[in-house]
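> Here you go, one structure.
The values are calculated or read from the model by the stated rules, or taken from the named source; none is laboratory data. A quick note: this is a predicted structure, and the numbers were derived from the prediction, not measured. Ideal geometry is used to build each Cβ from the backbone, glycine not excepted, and the neighbour counts take in all protein chains shown. Remember, those area values only see protein heavy atoms, side chains included, never the ligands or the DNA or RNA. Shrake-Rupley method; radii C 1.70, N 1.55, O 1.52, S 1.80 Å.
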Amino acid sequence: MARAAVLTATGRPLEIRDDVEVEAPRAGEVKVRMAAAGVCHTDLSMSDGTVMAPTPIVLGHEGAGVVEEVGEGVTRVQPGDHVVISWVPQCGECFFCRRRQGHLCERASAAIASGGLLDGTTRFTSRGAPLHQMSAAGTFSEVTVLPESGAVKVDDDLDLGLAALLGCGVLTGVGAATRTARIAPGDTVAVLGCGGVGLNVIQGARLAGAGQIVAVDANPAKLETAERFGATATVDASAGDAVSAVMRLTGQRGADVAFEVIGLPQTIDQAVAMTRRGGQAVLVGIARMDTMLTVPAFLGVVLAAKTITGSWYGSSNVVEDVPALVDLYRKGQLELSGLVSRTIALDDVNAAFDALRAGEVTRSVIRFDR
Ligand code: APR
Ligand code: ZN
Ligand code: ZN
């Protein structure tokens, strides 16, 4: 039996259940005792219906823990290993994985859409009914079972509360800057949205050697944090037009690379508008399914020679990128503790959603020993 936070229907608070049965791992799967799980905006988006979710479902896709049991044929990890959860379990064998685009893994995408593991079924049952698992994981549970490719081994001495953040916020944000956009040294970068993911875009831009990094957010408190993560200029979007402010800061040319890390129609338009001719607009935020991109084809794209690109999971290769991020953290070049606003118990997850919605926190991190 495990305690887990369950979304029973869209728009409802998560239900904390202590009667969740967790099946043993099947072939190619591992059982992980979770130490920590981060509360990300995408969890909130699933609970409020911005993103569709099969219900009932155990939410949570960011986390870290210790392997407790492995299924047949598992080779990557063994019991006792400390692991970070990857919310795209990259199979390594499909069309995309073979082309070094594991973030688009076909098997992972099908699993995520089904709300189950790679075979479409789930390992959680409660009150006689199966519970789906968000992103082939479901980290808001004391124990979970996931594909071995969803558990990336890290050194035992790494704090698991910080390691948890690597699996979503850090990989998605830093990867968007360094892998999707391939920021060049000296580039001028604008980042719209300085939450858990946006701050990581900012530190990714800093790591890539960007010159000017303009942070844009409607919450002035987030802008202060953005400066600590590497922003060289800030724009308070609640105080005036963000596009003209960025234009002023970039000689009226616009940014070489602009990132949208919120997922709203107006900020997506703003990101495209503040990208210079020949530059890149990188869309990271997850918008509602009915949000359309409308850009003037000639003036906005052809004459402007702009690239508008989507970034999924920071174009990450988790096997390579997680250890690389750990290295950067150890060298003092990657900020992790500054992302954690609150450490909470599983029971406080609904309050953590409220705090995220209200803009009070970057990340709340659930510690399962509390
Ligand atoms: N203009 C400027 N900033 C805004 C606006 C706006 N209209 N609306 C929201 N913001 C800012 C908030 O103040 C906050 O700092 O966007 C930030 C969003 O941060 P979080 O809520 O922490 O979200 P995060 O976890 O970073 O995720 C951002 O990426 O992965 C996706 O689903 C996720 O779409 C979401 C996005
Ligand atoms: Zn996330
Ligand atoms: Zn694959």
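> Somewhere in segment 130-153, is a residue near ligand 3 (Cβ under 10 Å from one of its atoms) and touching a residue at least 24 places away in the same chain (Cβ under 8 Å)? Spell out how you get there, then give the answer.
Initial filter on segment 130-153 (near ligand 3 (Cβ under 10 Å from one of its atoms)): 149.
Those still in the list that are touching a residue at least 24 places away in the same chain (Cβ under 8 Å) too: 149.
Scanning segment 130-153 turns up at least one residue that is near ligand 3 (Cβ under 10 Å from one of its atoms) and touching a residue at least 24 places away in the same chain (Cβ under 8 Å).
> Which ones in segment 204-227 are away from ligand 2 (no atom under 16 Å from the Cβ), open to solvent by less than 20 Å² (accessible area, probe 1.4 Å) and under 14 Å from Val170 (Cα atoms)?
The one that is away from ligand 2 (no atom under 16 Å from the Cβ), open to solvent by less than 20 Å² (accessible area, probe 1.4 Å) and under 14 Å from Val170 (Cα atoms): Ala205.
> Give segment 18-33 a look and list any residue that's of a type in the set (A, V, I, L, M) and open to solvent by 40 Å² or more (accessible area, probe 1.4 Å), or say none.
Scanning segment 18-33 gives Ala24, Ala27.
> What do you reckon, is Ala53 open to solvent by less than 10 Å² (accessible area, probe 1.4 Å) and within 16 Å of ligand 1 (Cβ to nearest atom)? Spell out the reasoning first.
Working: open to solvent by less than 10 Å² (accessible area, probe 1.4 Å): no; within 16 Å of ligand 1 (Cβ to nearest atom): yes.
When the stated conditions are applied, Ala53 does not pass them.
Results for (1) touching a strand residue (DSSP E or B) at 6+ places or on another chain (Cβ under 8 Å); (2) among the polar types (S, T, N, Q); (3) within 16 Å of ligand 2 (Cβ to nearest atom); (4) under 19 Å from Glu142 (Cα atoms), shown as yes or no for each residue.
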| position | (1), (2), (3), (4) |
| --- | --- |
| Ile16 | yes, no, no, yes |
| Ala35 | yes, no, no, yes |
| Pro54 | yes, no, no, no |
| Ala64 | yes, no, yes, yes |
| Gly73 | no, no, no, no |
| Asp119 | no, no, no, no |
| Arg123 | yes, no, no, yes |
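> Next up: In segment 345-355, what residues are free of Cβ contacts under 8 Å to residues at least 40 places away in the same chain and open to solvent by less than 30 Å² (accessible area, probe 1.4 Å)? Walk me through it before giving the result.
Going through segment 345-355, the residues free of Cβ contacts under 8 Å to residues at least 40 places away in the same chain turn out to be 345, 348, 351, 354-355.
Within segment 345-355, Ala345, Ala355 meet the criteria.
> Here's a follow-up. Residues that are among the small types (Gly, Ala, Ser), within 16 Å of ligand 2 (Cβ to nearest atom) and either touching a Gly at 6+ places or on another chain (Cβ under 8 Å) or touching a residue at least 60 places away in the same chain (Cβ under 8 Å) (or both): does segment 275-296 have at least one?
Just the residues of segment 275-296 that are among the small types (Gly, Ala, Ser), to begin with: 278-279, 281, 285, 287.
Now restrict to residues that are within 16 Å of ligand 2 (Cβ to nearest atom): 285, 287.
Among the residues that remain, those that are also either touching a Gly at 6+ places or on another chain (Cβ under 8 Å) or touching a residue at least 60 places away in the same chain (Cβ under 8 Å) (or both) are: 285, 287.
Within segment 275-296, one or more residues are among the small types (Gly, Ala, Ser), within 16 Å of ligand 2 (Cβ to nearest atom) and either touching a Gly at 6+ places or on another chain (Cβ under 8 Å) or touching a residue at least 60 places away in the same chain (Cβ under 8 Å) (or both).
> Quick one: Ala36 ticks every box in (1) aliphatic (A, V, I, L, M); (2) more than 23 Å from Gly173 (Cα to Cα); (3) open to solvent by less than 10 Å² (accessible area, probe 1.4 Å); (4) touching a helix residue (DSSP H, G or I) at 6+ places or on another chain (Cβ under 8 Å) bar one, so which box is it?
(2)
> For the structure I just gave you, tell me whether Pro13 is open to solvent by 20 Å² or more (accessible area, probe 1.4 Å) and out of contact with any Gly (no Cβ under 6 Å at 6 or more places or on another chain).
On the way: open to solvent by 20 Å² or more (accessible area, probe 1.4 Å): yes; out of contact with any Gly (no Cβ under 6 Å at 6 or more places or on another chain): yes.
Answer is yes for this residue.
> Looking only at residues that are open to solvent by 10 Å² or more (accessible area, probe 1.4 Å) and of a type in the set (S, T, N, Q) in segment 241-279, which one is farthest from Val191 (Cα to Cα)?
Gln252
> While we're on this one: Taking the conditions exactly as written (crowded, with 24+ Cβ neighbours inside 10 Å, within 13 Å of ligand 1 (Cβ to nearest atom) and assigned by TED's automatic domain parsing to the domain that holds Ala258), does Leu192 satisfy them or not? Don't jump to the end; show me each part of the working.
On the way: crowded, with 24+ Cβ neighbours inside 10 Å: yes; within 13 Å of ligand 1 (Cβ to nearest atom): yes; assigned by TED's automatic domain parsing to the domain that holds Ala258: yes.
Against the criterion (crowded, with 24+ Cβ neighbours inside 10 Å, within 13 Å of ligand 1 (Cβ to nearest atom) and assigned by TED's automatic domain parsing to the domain that holds Ala258), Leu192 qualifies.
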